[in-house]
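J.: Take a look at the following structure, please.
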Number of protein chains: 2
Amino acid sequence: MWWTPQALTSLLPTHKKLFAYIPNSMFANVFLRGWCQRGMVRRMTTYSSAWEHVGRFEELLGNKGGVLTEEDDIQPFCKDWMGQYGGNKNVVLKPNSTEQVSSLLRYCSEQKIAVVPQGGNTGLVGGSVPLHNHEVILSLSRCNKIQSFDSTSGVVTCGSGVVLEDLDTYLADYGYRVPLDLGAKGTCQIGGNISTNAGGLRLLRYGSLHGTVLGAEVVTGDGRVLDMRNSMRKNNTGYGLHHMFIGAEGTLGVITNISLLATRRLASEQVMFLAVPSFVSAVSVLRQAKEELGEILSAFEFLDQKSLDLVLEFFPDYRYPLSINDNNDNFYVLIETQGSDEGHDIDKLMKFLEKAMESEETKVKDGTIAQSDVQRRDIWRLRESVTLALGKRGGVYKYDFSLPTAEMYDLVQEVDQKIKKSNLDDGTMVVGYGHMGDGNLHLNVSAPSRTPFLSDLLEPYLYQRTRDMGGSVSAEHGIGVMKKNYLGYNKEESVVRVMRELKGLMDPAGIMNPGKVL
Amino acid sequence: MWWTPQALTSLLPTHKKLFAYIPNSMFANVFLRGWCQRGMVRRMTTYSSAWEHVGRFEELLGNKGGVLTEEDDIQPFCKDWMGQYGGNKNVVLKPNSTEQVSSLLRYCSEQKIAVVPQGGNTGLVGGSVPLHNHEVILSLSRCNKIQSFDSTSGVVTCGSGVVLEDLDTYLADYGYRVPLDLGAKGTCQIGGNISTNAGGLRLLRYGSLHGTVLGAEVVTGDGRVLDMRNSMRKNNTGYGLHHMFIGAEGTLGVITNISLLATRRLASEQVMFLAVPSFVSAVSVLRQAKEELGEILSAFEFLDQKSLDLVLEFFPDYRYPLSINDNNDNFYVLIETQGSDEGHDIDKLMKFLEKAMESEETKVKDGTIAQSDVQRRDIWRLRESVTLALGKRGGVYKYDFSLPTAEMYDLVQEVDQKIKKSNLDDGTMVVGYGHMGDGNLHLNVSAPSRTPFLSDLLEPYLYQRTRDMGGSVSAEHGIGVMKKNYLGYNKEESVVRVMRELKGLMDPAGIMNPGKVL
Ligand SMILES: Cc1cc2nc3c(=O)[nH]c(=O)nc-3n(C[C@H](O)[C@H](O)[C@H](O)COP(=O)(O)OP(=O)(O)OC[C@H]3O[C@@H](n4cnc5c(N)ncnc54)[C@H](O)[C@@H]3O)c2cc1C
Ligand SMILES: Cc1cc2nc3c(=O)[nH]c(=O)nc-3n(C[C@H](O)[C@H](O)[C@H](O)COP(=O)(O)OP(=O)(O)OC[C@H]3O[C@@H](n4cnc5c(N)ncnc54)[C@H](O)[C@@H]3O)c2cc1C
């Protein structure tokens, strides 16, 4: 139910007679909707319990295994990847068609049952799990059919529940790849990626999902099916409504099918790993790479010394690929290229490396170019395992900021000072790594466990500093519940108001992923 | 067309007693808005004449030359580029700031004055000019300041009125370019490009504007300023509302400022021109180019024999760059590459050309690689001048379809047959050219003049065939007024309804570019 703490409570008694003339449904649908859209109203959590409707859900899904209610079955769906957010006693629904999603959402809208869409549940801002009990988790895992692929245009159309890695493997047979790649690829779903507008490892080269998602079929919160799939590379017929669902984190409706522009899998893929003495050097290396590797540059990632040490500590069979080992607080840079001619690419890389080793600016201390697929994988997993190593070490505070590249690491150093000053003496430490080529810093604080003291030390300070440095509080993970209070740091009130109005259009009953983003 | 709350009041007598209880503003803002959003209400063209408000406009703009009313001054703004659409007695307003745009739109909303935003007025679907008299043309030409450029991230922020070529020239000094390029670059504005979601010559390489426009400042139809400029490459904080304005053709509001991701200007730019015996061969050349030129391919354009002949006829000083001249209904392909190493690129191109000349599939008859900037320009202008040559020849019917690449030219041949069958004997002919690499065909019919007979011969037939072939009736030019009746060929009714609802949110008074798109 939508509610008006300030305006409506004061209005209602005095205007009782007036409202008596307006039929109930009109009141709910029209009057309140109008107000909600102007952002004047706040939601009260008066949802009806999903448990009271299990029978109806079973009727609507009509298939075995589509409705999960047993504790053991629903457990993996109820907690988020970080183990930090979640509700209990939820009902998990697994529709296998757009029609089922539509009838479920229509019913949940009518009955006011809260619905949380869920893909692979690898999101890092608590968006994919209910915050309360007795809600519906709508899992897309059965909407996982690949419908068509056109190897001339590169357009693939598939269900939103297809696992990212599966889609990539499918495309590999045709000499194509998904433009997006990220550490969680074995679990996350393409629909979840689109709903978080995931960035990942190769955004630098292949751009954001707004450029590559050509269309989608979605079901709005009130159950309307909007089929905006699109097999054409270019289609300028009316508003690009599907873009509203890219990064909406399940708050407007459910993405059921998608049309994506795959990218060609090029013959030559090279990986280089460098050690530099300072972040300033890393910035110079980035500048040189953008200039000299130009069109073949496909990823530029960085790790600080502590990030690398952590990976080597928690994955003892991983190999450190350089000869230098001076324990000198180095910074490490992973550069990947993708091109169509191996000879040309190696030539570019060798010239690049030679210059970078000699230059006074880049000051590269040591570097290696991987010689085989195994070596390439070994280098990549040093970078991709930072998140996992941090998870093994204890409690983690994960931040995902966009910052002006040159100043990015200042923030890590500031936090380092703050921690040192607190004399915690329990191994609490800060690490910095991330998609440096896109100006995206993953700042993580690792501690034996998360504590109120640490939380207060870090927040809202980190968000404020990011805002003040002209950055974004969420480069790629989204807002979810974790950053809800800081949305205003990057979006003006007038913009948030229009977001609410849009939400009112798509999800008039306010059932979609309540408590997230807005 | 939309009814307005005000206009609807006239319908109310029967419900007077009920509605009398509802205060006026609540009625207008809440009740009717609810209806409008569900697409139940239609607009009546009861706009007030812009001429009655010239005094107020002068007050609001407060600067000399901001309000044009003299026939000679307003003439160039009132007719579209094709000379096909337009109104008379319009008032041209030239605000120079967001605040001015906002106060104008707020005022026009209150007074119900129709407003047509206009950039460079090069649009090809009649979207940039009023369809009626006495409307406001809001020219963005004074909102043309470049505000900032960050040479590390490549993000440029500027007014929407900056001319595309000027922006490109500005960026060239920093070694960057606008990812978009098109024949009208000397006149069209970046805000107009974004409003039409223009594709152009290098979409194949640099992707659509949805990928490269990182943010925008817009003023909605009711005058609200939404500042969504964004200097960060990645910023996942809330819905990507600015995407709604990409391709909205001025129907939701006015784009005042933009943040765009510029792309690096690479050292080596090569242009190749090939003659092939058939469209089938051209398709094979495309396949080979995508495979072998991979990451350096930056444009793949085609012209049929008649298109080329037209250019050489109307621009007699242009040179035909090949030795073969067999007048054999050839097809011509322009391939451009951009890369960071000239040696590598030439090497790739030579290998490509050699193979293409020998292959049984591609059957290239003749080909040349330009050796200098002048030669490159000379080849490019053969392709870019087709539109201009057609304009010089007489009446033109311009179509801009997305089609499955392999079948694209079938449609040209069908039209050719239709024309032949009609025994017109007046030089009426059809030509095909366009952005073949993106599946984008420009099918144009040239005749001494446009006639009802020809119009009926071509429409709705061409739109229907495009739909039936699974294509898009507008690859890049947009809907405007020209294709309004065919929007439904690519957008389901449920989607069009949500477009209307969105329009109701952004432009509740329905003043923005009436009669266009929806
Ligand atoms: C090891 C690891 C590495 C990661 N690396 C990156 C990285 O490099 N870049 C990056 O951007 N992110 C990264 N992430 C986080 C990233 O957001 C997720 O991995 C991924 O995009 C989420 O997909 P998912 O299917 O798991 O979605 P979920 O976690 O299930 O859901 C995410 C959000 O989307 C909504 N949602 C899911 N599916 C749908 C749907 N079909 N329709 C509507 N809403 C839906 C949910 O409600 C939720 O709000 C990483 C996470 C992990 C664990
Ligand atoms: C010779 C020639 C070649 C062309 N080549 C191509 C091509 O290769 N690819 C392609 O896609 N198109 C091409 N076009 C058409 C193309 O749409 C336009 O050239 C260009 O994108 C429009 O920009 P403009 O500034 O002239 O906009 P206008 O024509 O002034 O306006 C176009 C639309 O956008 C709206 N609009 C303009 N500015 C704003 C604003 N600031 N805020 C809100 N709405 C606004 C208008 O109301 C109108 O609906 C070509 C046109 C010509 C004449």
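J.: Am I reading the A/B interface right? What is its buried accessible area, both sides, 1.4 Å probe, to the nearest 100 Å²?
T.: Summing both sides, the interface buries roughly 7600 Å².
J.: Ignoring ligands and nucleic acids, what accessible area does residue B:52 show with a 1.4 Å probe (Å², nearest 10)?
T.: Using a 1.4 Å probe on the heavy atoms, I get roughly 140 Å².
J.: Follow-up question, since we're still on this one. Measure of size requested: the Rg and Dmax of the range A:88-205, with Cα atoms as the atom set and Å as the unit; please supply both.
T.: Just the Cα atoms of the range A:88-205 yield Rg and Dmax of 15.6, 48 Å.
J.: Oh, and also: Whole number please: convex hull volume per residue, Cα atoms of the range B:394-477, in Å³.
T.: 81 Å³
J.: Same structure, new question: Rounded to the nearest 5, what is the percent of antiparallel bridges among the DSSP beta bridges in the range A:50-141?
T.: Counting only bridges with both partners in the range A:50-141, antiparallel ones make up about 30 percent.
J.: Follow-up question, since we're still on this one. I'd like the accessible area for residue A:361, computed on protein heavy atoms only with a 1.4 Å probe and all protein chains in place. Round to 10 Å², please.
T.: Counting only protein heavy atoms, the figure is 120 Å².
J.: Here is a follow-up. Using a label position 7 Å from Cα in the Cα→Cβ direction, what is the ascending list of nm distances from residue B:173 to the same site in the other copies?
T.: So the label point of residue B:173 gives 5.4 nm to the other copies.
J.: If you wrap a convex hull around the Cα atoms of the range B:72-127, how much volume per residue is inside, in Å³?
T.: 93 Å³
J.: Hey, can you list the residues from the range B:293-310 whose accessible area shrinks by 30 Å² or more with all protein chains present, relative to the chain by itself (probe 1.4 Å, no ligands or nucleic acids)?
T.: So the qualifying set is B:295.
J.: Based on the Cβ-Cβ distance of residue B:381 and residue B:111, what FRET efficiency does E = 1/(1 + (r/R0)^6) give at R0 = 45 Å, to the nearest 0.05?
T.: Efficiency, rounded to the nearest 0.05: 0.45.
J.: May I pose another question? Rounded to the nearest 0.05, what FRET efficiency do residue B:148 and residue B:361 give with R0 = 51 Å and r taken as the Cβ-Cβ distance? Could you check?
T.: Rounded to the nearest 0.05, the efficiency is 0.55.
J.: On a straight-distance basis, which lysines could pair with residue A:306 in a cross-link, Cα separation under 18 angstrom, same-chain partners fewer than 8 positions away excluded?
T.: Within the straight-line limit of under 18 Å, residue A:306 reaches these lysines: A:365, A:392, A:398, A:418, A:420.
J.: Based only on Cα atoms, what Rg/Rh ratio does the range A:269-314 have, Rh being taken as Kirkwood's radius?
T.: With Rg and the Kirkwood Rh in hand, the quotient comes to 1.02.
J.: Run the numbers on the range B:189-228: which residues show a drop of 40 Å² or more in accessible area, chain on its own versus all protein chains together, using a 1.4 Å probe over heavy atoms?
T.: Residues of the range B:189-228 that lose at least 40 Å² of accessible area once the other chains are added: B:203, B:210, B:224, B:226, B:227.
J.: Using the Cα gyration tensor of the range B:268-386, with a ≥ b ≥ c the square roots of its eigenvalues, what is the shape: rounded (a/c below 1.5), prolate (a/b larger than b/c) or oblate (neither)?
T.: Oblate is the answer for the range B:268-386, as a/c is 1.5 or above yet b/c matches or exceeds a/b.
J.: How far is residue A:88 from the same spot in each other copy, in nm, shortest first, if each label point sits 7 Å from Cα toward Cβ?
T.: The projected label point of residue A:88 is separated from its counterparts by 7.8 nm.
J.: At residue A:407 and residue B:485, where each label point lies 7 Å from the Cα along Cα→Cβ, what is the point-to-point distance in nanometres?
T.: 5.7 nm
J.: With an 8 Å cut-off on Cα pairs and a minimum separation of 6 or more residues, tell me the relative contact order of the range A:362-518 in percent.
T.: Here the relative contact order equals 23 percent.
J.: Further question on the same structure: With the Cα gyration tensor of chain A giving a ≥ b ≥ c as the square roots of its eigenvalues, does the rule (a/c under 1.5 for rounded; else a/b larger than b/c for prolate; else oblate) give rounded, prolate or oblate?
T.: prolate
J.: Hey, can you list the residues from the range B:497-518 whose accessible area shrinks by 30 Å² or more with all protein chains present, relative to the chain by itself (probe 1.4 Å, no ligands or nucleic acids)?
T.: Flagged in the range B:497-518: B:498, B:499, B:501, B:502, B:505.
J.: Suppose the chain between residue A:309 and residue A:368 were pulled fully straight at 0.36 nm per residue; how much longer would it get relative to their current alpha carbon spacing?
T.: Stretched fully, the residue A:309-residue A:368 segment lengthens by 19.4 nm.
J.: State the number of lysine pairs found in the range B:89-213 whose Cα atoms come within less than 28 Å, restricting to pairs 8 or more positions apart or on distinct chains.
T.: For the range B:89-213, the number of qualifying lysine pairs is 5.
J.: Please turn the phi angles of the range B:321-329 into ³J(HN,Hα) values with the Karplus equation 6.51 cos²θ - 1.76 cosθ + 1.60 (θ = phi - 60°), one per residue in order, whole Hz, x for glycine and proline.
T.: x, 9, 8, 5, 8, 8, 6, 10, 6
J.: Calculate what fraction, in whole %, of the accessible area of the protein assembly as shown sits on carbon and sulfur atoms when a 1.4 Å probe is rolled over the protein chains.
T.: Reported share for carbon and sulfur atoms: 49 percent.
J.: How high is the FRET efficiency from residue A:424 to residue A:354, r the C-beta distance, R0 41 Å, rounded to 0.05?
T.: 0.40
J.: With θ set to phi - 60° and the Karplus curve 6.51 cos²θ - 1.76 cosθ + 1.60, what are the ³J(HN,Hα) couplings of the range A:78-84 in order, to the nearest whole Hz, using x for Gly and Pro?
T.: 8, 10, 7, 4, 7, x, 10
J.: Tell me the distances, shortest first, between residue B:112 and the same position across the other copies, using label points 7 Å along Cα→Cβ, in nm to one decimal.
T.: Result, one decimal in nm: 3.8.
J.: While we're here: How much area per residue is accessible in the range B:268-386 when the probe is 1.4 Å and only protein heavy atoms are counted (Å²)?
T.: Counting only protein heavy atoms, the per-residue value for the range B:268-386 is 39 Å².
J.: Okay, next question. Give me the mean projected area, in nm² to one decimal, of the convex hull enclosing the Cα positions of the protein assembly as shown.
T.: If you wrap the Cα atoms of the protein assembly as shown in a convex hull and average its projections, you get 43.7 nm².
J.: Please report how far the C-alpha centroid of the range A:440-518 lies from that of the range A:233-258, rounded to the nearest whole angstrom.
T.: The range A:440-518 and the range A:233-258 have Cα centres spaced 22 Å from each other.
J.: For the range A:323-450, would you read off the P(r) tail past 19 Å as a percentage of all alpha carbon pairs?
T.: 62 percent
The values are calculated or read from the model by the stated rules, or taken from the named source; none is laboratory data. A quick note: this is a predicted structure, and the numbers were derived from the prediction, not measured. Please note: Cβ atoms are built from the backbone with ideal geometry, for glycine as well, and neighbour counts cover all protein chains shown. Side chains are part of the model used for accessible areas, which takes the heavy atoms of the whole protein and leaves out ligands, DNA and RNA. Shrake-Rupley method; radii C 1.70, N 1.55, O 1.52, S 1.80 Å.
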